[in-house]
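Below you'll find the structure, written out as structure tokens, and then a few comments.
The values are calculated or read from the model by the stated rules, or taken from the named source; none is laboratory data. Quantities reported herein were computed from a predicted structural model and do not represent experimental measurements. FYI the Cβ positions are ideal-geometry reconstructions off the backbone, even for glycines, and counts take in every protein chain you see. Surface areas here come from the heavy atoms of the whole protein model, side chains and all, with no ligands, DNA or RNA. Shrake-Rupley method; radii C 1.70, N 1.55, O 1.52, S 1.80 Å.
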Amino acid sequence: MSDELLITVAGIGAEVTRAQQPRLPLLPEEVGEEYRRAHDAGASIAHIHGRRPDGSPTQDLATLRAYCAAIRARCPIIQQLSTGGAVGMRIEERIEALELRPEMATLTLGTCNFGDDVFENSLPTIRTILDRIQKFGITPELEIFDDGMLATADVLFGKGLLSPPVHFEFVLGAPGAAAATAENLTHFARSIPAGCSWTVAGIGRRQTPMATMAIAMGGHVRVGFEDNIYYRKGELADSNARFVERVVRIAREVGREPATVVQARRILSLPAAA
Ligand code: KMH
Ligand code: ZN
């Protein structure tokens, strides 16, 4: 276990709207500023989705290029592109921006319900995304929404397509996937190979309880508008950085410091920045 805490900020997502969260960043300058504030508050990883100016989700190359440049111009946070995109998005759109060679990209290891929709990730889809991730020398984050996705990780390890140690992310509380409970978090954390690190993203009002458990267990934390728009019941968060600040306060109370970007690269075995 590393004492330093990785904090990922998932500040955009694909589903939240401006009508629901007026501070949702959409334009590149807004995205750049939002992630800079989160970085300054203690986040070391930026999980990034694309949006058109009207708020609709897109993973197109031009949008992601502009976002990545706007973030990089303001802070050295590790950039992690989503390959999940939005439910129903074509696979080619989900992966076209990987040619930007971000340091990290997510790889969701299975299909699950997502509200009324289906988040589709068949094994061929997973292999296509993994191929593209590896072609560009990107470090994957294995995203687990449900128990069966842990089995898929074992399939990939068994076939030699990936080898531990790798970094996992447990998304708990998505509507239609595994619930955000202490039992599920413990089970997931115990199920991955020795030496692997993990982050938890608790959805909605389970964001802070899950983060607190992960801090105590030696895991890492993701927060942000993608997963939760309320700071507390009935009160919208006024920025992603406010979530990061709260996680930092909780972590310090139990003796963990937020990882700097340099420390995060070491924990994740990423190459040092050029
Ligand atoms: N928007 C969700 C359906 C990821 O970023 O890798 C999927 C998602 C996963 O957000
Ligand atoms: Zn995402």
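Quote the charge dipole size of the stretch 4-154 about the Cα centre in Debye, to the nearest 20; the model charges only the Cβ of Lys and Arg (+1) and of Asp and Glu (-1).
Values: 15 positive and 23 negative charges, 112 e Å.
Computed about the Cα centre, the dipole is about 540 debye.
Which ³J(HN,Hα) values, rounded to whole Hz and listed in residue order, are derived for the stretch 97-108 from phi using the Karplus coefficients 6.51, -1.76 and 1.60 in 6.51 cos²θ - 1.76 cosθ + 1.60 with θ = phi - 60°, glycine and proline given as x?
Values, residue by residue: 7, 5, 5, 6, 6, x, 5, 9, 8, 7, 9, 7 Hz.
What does the C-alpha gyration tensor say about the overall shape of the stretch 95-161? Classify as rounded when a/c is under 1.5, otherwise prolate if a/b is larger than b/c, or oblate. List each step's numbers first, then the result.
Details: a/c = 2.11, a/b = 1.33, b/c = 1.59.
Oblate is the answer for the stretch 95-161, as a/c is 1.5 or above yet b/c matches or exceeds a/b.
Along the charge dipole of the chain, which of HIS47, SER2, ASN113 sits closest to the positive end, that is, farthest toward it, with unit charges on the beta carbon of Lys, Arg, Asp and Glu (+1, +1, -1, -1)?
Most positive-ward Cα: SER2.
How many nm separate the modelled label positions at CYS196 and ASP116, each set 7 Å beyond the Cα in the direction of the Cβ?
3.5 nm
Need one word for the stretch 1-90: rounded, prolate or oblate. Basis is the Cα gyration tensor (sqrt eigenvalues a ≥ b ≥ c); a/c below 1.5 gives rounded, then a/b vs b/c decides.
Numbers: a/c = 1.64, a/b = 1.50, b/c = 1.09.
Note, shape of the stretch 1-90 comes out prolate.
Looking at the stretch 1-158 only, what percent of DSSP beta bridges run antiparallel? Nearest 5 please. Working shown, then result.
Working: 4 of 18 bridges.
Once the DSSP bridges in the stretch 1-158 are tallied, antiparallel ones form about 20 percent.
Just the number, please: percent antiparallel of the DSSP beta bridges in the chain, rounded to the nearest 5. Can you show the working numbers first?
On the way: 6 of 37 bridges.
Close to 15 percent.
Within the accessible area of the stretch 1-157, what % is carbon and sulfur when the probe is 1.4 Å and the other protein chains stay in place? Mind showing how you got there, number by number?
On the way: 3010 of 6010 Å².
Carbon and sulfur atoms account for 50 percent of the accessible area of the stretch 1-157.
Tell me which trypsin sites (Lys or Arg not before Pro) from the stretch 57-106 have a DSSP coil assignment and no more than 11 other beta carbons within 10 Å of their own.
Taking the stretch 57-106 and a limit of 11 other Cβ atoms within 10 Å, the loop trypsin sites (Lys or Arg not before Pro) found are ARG90.
The chain: percent of C-alpha pairs farther apart than 36 Å?
Above the 36 Å cut-off, the chain has 5 percent of its Cα pairs.
Per residue, how much accessible area does the stretch 1-156 have with a 1.4 Å probe, in Å²?
Details: 5970 Å² over 156 residues.
Computed with neighbouring chains in place, this is 38 Å² per residue.
Could you compute how much accessible surface SER163 exposes when probed at 1.4 Å, giving the result in Å² to the nearest 10?
Answer for SER163: close to 80 Å² accessible.
Might you work out the accessible area of MET217 for me, using a 1.4 Å probe with all protein chains in place, and round it to the nearest 10 Å²?
80 Å²
Excluding ligands and nucleic acids, what accessible area in Å² is computed for ASP131 using a 1.4 Å probe, to the nearest 10?
Roughly 100 Å² of ASP131 is accessible to a 1.4 Å probe.
Assuming a ≥ b ≥ c are the square roots of the Cα gyration tensor eigenvalues, decide whether the stretch 125-202 counts as rounded (a/c under 1.5), prolate (otherwise, with a/b larger than b/c) or oblate.
Numbers: a/c = 1.97, a/b = 1.63, b/c = 1.21.
Prolate.
Considering the options LEU150, PRO140, THR212, tell which one lies farthest towards the positive end of the dipole of the stretch 107-234, charges being +1 on Lys and Arg and -1 on Asp and Glu at the Cβ, about the Cα centre.
So the residue furthest toward the plus end is THR212.
Loop only per DSSP, at most 11 neighbouring Cβ atoms within 10 Å: give me the trypsin sites (Lys or Arg not before Pro) in the stretch 170-267, ordered by residue number. Mind showing how you got there, number by number?
Working: sites: ARG190, ARG205, ARG206, ARG222, ARG232, LYS233, ARG242, ARG246, ARG249, ARG252, ARG256, ARG265, ARG266; in loops: LYS233, ARG256.
Counting only loop positions with at most 11 other Cβ atoms within 10 Å, the trypsin sites (Lys or Arg not before Pro) in the stretch 170-267 are LYS233.
Could you compute the FRET efficiency for ARG242 and ASP60, with r as their C-beta to C-beta distance and R0 at 41 Å, rounded to 0.05?
On the way: r = 30 Å, r/R0 = 0.72.
Computed FRET efficiency for ARG242 and ASP60: 0.85.
How many angstrom separate the Cα center of the stretch 1-55 from the Cα center of the stretch 201-274?
12 Å
What is the dipole size for the chain, taken about its Cα centre, with +1 at each Lys and Arg Cβ and -1 at each Asp and Glu Cβ, in debye to the nearest 20? Numbers along the way, then the final one.
Working: 29 positive and 33 negative charges, 107 e Å.
Magnitude of the dipole: close to 520 debye.
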